[in-house]
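Here the structure comes first, spelled out in C-alpha cells, and everything after it is commentary.
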Amino acid sequence: HLDDAAWSCGGRIHQLAQAGEAVFSITIFAGSPSWPGENGPAAYSEYAAYLHQRWGTNTDAMAVRRVEDQTAMGVLGSDFWHLSHLDCIYRQHPVTGEFLYRSNKDIFAEVHPIDFLLAAKVQAELTELIASSKEATIYSPLGAGHHVDHQIVASAALGMSAAGYNVVFYQDYPYAEDPAALTAAKLQMGREKWQPEFFTLSAQDLQTKIEAALCYRSQLDIFFDSDDDVSHRLRAYALTSTSHPEPGECIWHLTK
C-alpha cells in the first residue's frame, strides 16, 4: 500500500538514498477503481465509503493517497512506481460484482479464493519491472498483521526468491509493534528458519522517516492519535527493532 514502505522501512530507504543507491518504492495496490455510469453499479462498498469518510477523501481517494506517497518518497529520496492493482476494499467478484472484502474482519482474514491467482500476477509484473536489475535487493512486506494484500505480496515475493532474486522481508508497521504478529507472519509463510538483519539508523534517518510518515495525512487518524503520537511510537518502535542500543530497523532473510 501507499504508506507501507515509508512507515516500515523509511529509515533504511533514506539511508540507502543518502549513500547514493538507486531506491525505488513499488506500490502494488495503488490503482483507482473506475467510476460507474449514472445508473451503474455502486462505485464502492459501504465499507470502502466508510473508510473514505475516515480518510477525509471525498473524491478519488487513491489519487489523494498517491500524491501523499509521492511527497513522502521525495522526503526520503526515493523514486516510486505506482502499479494499478486495486486495494482489497475495491476488488469485486468478476461475475457477480460482489465486493470481496467488506469489513475490517474480512481484510485481516484469509485471502478470498478469487484472489488466489493474484500473487502470481504480481510476481510476473514485478519480474518484468526489474528484469534488467536481477542483482537488486527486493524488500517485501512480511505479512505481519495478516492483511490480505500483504499476504498476497509476501507470497509473490516468496516466488521471486525461489526464482533466484535477492528477497528480504521487512516488518510491516504498525502491525509489527505486536511481537506475536511477527511470529505468526513467519509461520504463515510456511518457513521455520529466519535470520534477522539489523540496520542502525542515524538521528537524521529516523527524523526523516518520521517526516515522511507524516505525509500520509489521510491515514494518520486510523492508526495514530496525533502527529506527536506518530513521532513517539516510531521512535519507541525503532528502539525495539535492533540488537543495539541505538534505534534501527530489522529485516528478515529466509535461510536455506
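Suppose we keep just the DSSP beta bridges with both residues in region 4-254; what percent of those would be antiparallel, to 5? Don't skip to the answer; put the middle values down first.
Values: 11 of 20 bridges.
In region 4-254, DSSP labels about 55 percent of beta bridges as antiparallel.
Given charges of +1 on the Cβ of Lys and Arg and -1 on the Cβ of Asp and Glu, with all other atoms neutral, how large is the dipole of the chain about its Cα centre, in debye to the nearest 20?
Values: 17 positive and 32 negative charges, 114 e Å.
Using only the charged Cβ atoms, the result is roughly 540 debye.
Dipole of region 1-135, Cα-centred, from +1 at each Lys and Arg C-beta and -1 at each Asp and Glu C-beta, to the nearest 20 debye?
On the way: 9 positive and 17 negative charges, 27 e Å.
The dipole magnitude comes to about 120 debye.
Please give the charge dipole size of region 111-256, origin at the Cα centre, charges +1 on K and R Cβ atoms and -1 on D and E Cβ atoms. Round to the nearest 20 debye.
Numbers: 10 positive and 19 negative charges, 126 e Å.
Approximately 600 debye in magnitude.
Only loop residues by DSSP count here, and only those with at most 11 other Cβ atoms within 10 Å; note down the chymotrypsin sites (Phe, Trp or Tyr not before Pro) in region 88-148 that meet that.
Numbers: sites: Tyr90, Phe99, Tyr101, Phe108, Phe116, Tyr139; in loops: Tyr101, Phe108, Phe116.
Taking region 88-148 and a limit of 11 other Cβ atoms within 10 Å, the loop chymotrypsin sites (Phe, Trp or Tyr not before Pro) found are Phe116.
Where a ≥ b ≥ c are the square roots of the eigenvalues of the C-alpha gyration tensor, would you call region 43-129 rounded, which needs a/c under 1.5, or, failing that, prolate if a/b is larger than b/c, or oblate?
Details: a/c = 2.24, a/b = 1.18, b/c = 1.90.
Note, shape of region 43-129 comes out oblate.
Local charge sum around Glu249 (other residues, Cβ-Cβ under 10 Å, Lys/Arg +1, Asp/Glu -1)?
0
Return the label of the correct value of Rg and Dmax of the Cα atoms in Å, as calculated from the structure shown, out of (i) 31.1, 101; (ii) 26.6, 106; (iii) 17.9, 60.
Derived directly from the coordinates: (iii).
Among Phe108, Ala203, Val67, pick out the residue whose Cα is farthest towards the positive end of the charge dipole of the chain, where Lys and Arg carry +1 and Asp and Glu carry -1 on C-beta, about the Cα centre.
Positive-most Cα among the choices belongs to Phe108.
Tally Lys/Arg at +1 and Asp/Glu at -1 over every other residue whose Cβ is under 15 Å from the Cβ of Leu16; what's the total? Walk me through the numbers on the way to the answer.
Working: positive: Arg12, Lys209; negative: Glu21, Asp79, Glu135, Glu197, Asp205, Glu249.
Summing Lys/Arg as +1 and Asp/Glu as -1 gives -4.
Throughout, read-outs are computed from the coordinates displayed, never taken from laboratory work. Remember, it's a predicted structure, so these values are computed and weren't measured experimentally. Don't worry about glycine lacking a Cβ; one is built from the backbone with ideal geometry, like all the others, and counts go over all protein chains shown.
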